[in-house]
Amino acid sequence: MTSMDILEHFEENCCVMRYTTAGQLWNIISPREFVDFSYTVDYEDGLLSCGLSVDWSEQRPEFIRGFNHPCGWFCVPRKDNPQQSLLTGYIQTDLRGMIPQSAVDTAMASTLISFYVDLRKALQKA
């Protein structure tokens, strides 16, 4: 993920967000943007964040608009060690465009690895 912006804020914990990604595999997969409705609430001493792509008229020409089917992230403290949390994500992304499935699989795997590496670095700084 290269950027994350709130496009519209409705009420506490509820907004429309735009996420962008860089090109992958030497730009075989062009940069993408996703516009999702997002709702985040406290859940079992942690967080639950749910999302779903929505139609949004503003589209930047340098990105291909991807689509996220209903998805969610749970972040809850571990029962055996409350100083640590377990992050579980459920995602189903349609990158859209004419992309070989093997390229999609490779790009998604590397994107998720980068996400967790970046998340770990950010949490260590906090």
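The values are calculated or read from the model by the stated rules, or taken from the named source; none is laboratory data. As the structure is a computational prediction, the values presented were derived from the model and not from experiment. Positions of Cβ are backbone-derived with ideal geometry, glycine not excepted, and every protein chain shown enters the neighbour counts. Please note that ligands, DNA and RNA were not included when accessible areas were found on the heavy atoms of the full protein model with its side chains. Shrake-Rupley method; radii C 1.70, N 1.55, O 1.52, S 1.80 Å.
Largest first, how would M4, M108 line up by accessible area (1.4 Å probe)?
On the way: M4 110, M108 50 Å².
Putting M4, M108 in descending order of accessible area: M4, M108.
For the chain, the share of accessible area belonging to carbon and sulfur comes to 56 percent (1.4 Å probe, ligands and nucleic acids excluded). The long axis of helix 101-125 is offset from the longest Cα principal axis of the chain by roughly 40 degrees. Using heavy atoms of the protein chains and a probe of 1.4 Å, the accessible area assigned to F63 is about 40 Å².
Every Cα-Cα pair in the chain was counted, and those over 24 Å apart are 34% of them. Solvent exposure of the chain, expressed per residue, is 69 Å² of accessible area, with all protein chains present and a 1.4 angstrom probe. A Förster radius of 25 Å combined with the Cβ-Cβ distance from K125 to T88 puts the calculated FRET efficiency at roughly 0.65.
In deg cm²/dmol and to the nearest 500, what is the mean residue ellipticity at 222 nm of the chain if only DSSP H runs of at least 4 residues count, each as -39500 (n - 2.57), divided by the residue total?
On the way: 1 runs with 25 residues, N = 126.
Value at 222 nm, helices only: -7000 deg cm²/dmol.
The calculated P(r) of the stretch 1-75, using every Cα pair and 5 Å bins from 0, goes 4, 15, 23, 23, 16, 10, 5, 2, 0 in percent. Under the simplified labelling scheme, the L48-L7 pair shows an inter-label distance of 2.6 nm, with each label point 7 Å from Cα along Cα→Cβ.
The label point for W73 and the one for A22, both projected 7 Å from the Cα toward the Cβ, are 1.9 nm apart.
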